[in-house]
1. Is there a residue being closer than 15 Å to residue 127 by Cα, assigned to a strand (DSSP E or B) and open to solvent by 40 Å² or more (accessible area, probe 1.4 Å) anywhere in segment 62-80?
2. Please specify each residue of segment 39-55 satisfying the condition of being closer than 22 Å to residue 133 by Cα and either without any contact (Cβ under 8 Å) to a residue 12 or more places away in the chain or of a type outside the set (D, E, K, R) (or both).
3. So which pairs qualify, if the first residue must be in segment 26-38 and modelled with pLDDT of 95 or more, the second must be surrounded by 13 or more Cβ atoms within 10 Å (Cβ to Cβ) and among the acidic types (Asp, Glu), the Cβ gap must be under 9 Å, and the two must be at least 6 apart or on different chains?
4. Can you say whether residue 113 is at pLDDT 75 or above, assigned to a helix (DSSP H, G or I) and of a type in the set (Val, Ile, Thr), as far as the supplied structure shows?
5. What's the total number of residues in segment 102-127 that are closer than 25 Å to residue 50 by Cα, of a type in the set (Val, Ile, Thr) and either open to solvent by 60 Å² or more (accessible area, probe 1.4 Å) or without any contact (Cβ under 8 Å) to a residue 24 or more places away in the chain (or both)?
Amino acid sequence: MKILEILRENGRISVAALAERVGISRANAYTRFEALRADGAIKRFTAEIDHVRAGLGITALIFVTVRQQMWKQFRAELARMPEVEYCAITTGQHDAMIQVRVSDVAEVHTMVTDRLANIPAVKATETVFILDEVLRRPYVLPSDRDRGRPSRRPAQEAQGGDVPLGKMRFVGAAEGRAALRKDD
């Protein structure tokens, strides 16, 4: 996991520097790195670009409802659209979510009304424009979850310490009855 954390920060780091940061030998770092690649944990290396500077300042999410018998056609047509950065099959009201990056709002309009609407597999669309990308991580690791959680001591929880927003504190029946008696 430490190797993946370091590669997330700098995918071009040398094996020697990687070994030093992880605290292992260069040969061991190389072996582990190659094992991650061979196992498929590392799929590829790529560059992160600034979309606005590259001329793609408009980002939109297009939610699509697909005619259920026509998924193959939908996927094939979508693959021919170079402005589609990402597509996921979803649950809920819509069947798929497409993320597009284009130079202006008119391109989104043209894509939705002329191209997507003309695909027989597409039943309906809903478009949402992204105003600001607040957070974008290259990837998330299991170790990231542990860092983001505040540590709570069991004794603190038993004493009725602060309960984080959105969480519940369960009170035993005997403890709850005692509190009720105090209020009488």
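The values are calculated or read from the model by the stated rules, or taken from the named source; none is laboratory data. Only a predicted model underlies this, so the values are computations on that prediction, with no experimental measurement involved. Counting neighbours? That spans all protein chains shown, and the Cβs are built from the backbone with ideal geometry, glycine included. Just so you know, the surface numbers come from the protein's heavy atoms only, side chains and all, with ligands and any DNA or RNA stripped out. Shrake-Rupley method; radii C 1.70, N 1.55, O 1.52, S 1.80 Å.
1. yes
2. Matches in segment 39-55: 46, 47, 49, 50, 51, 52, 53, 54, 55.
3. 26/20; 29/20
4. yes
5. Final tally of qualifying residues: 2.
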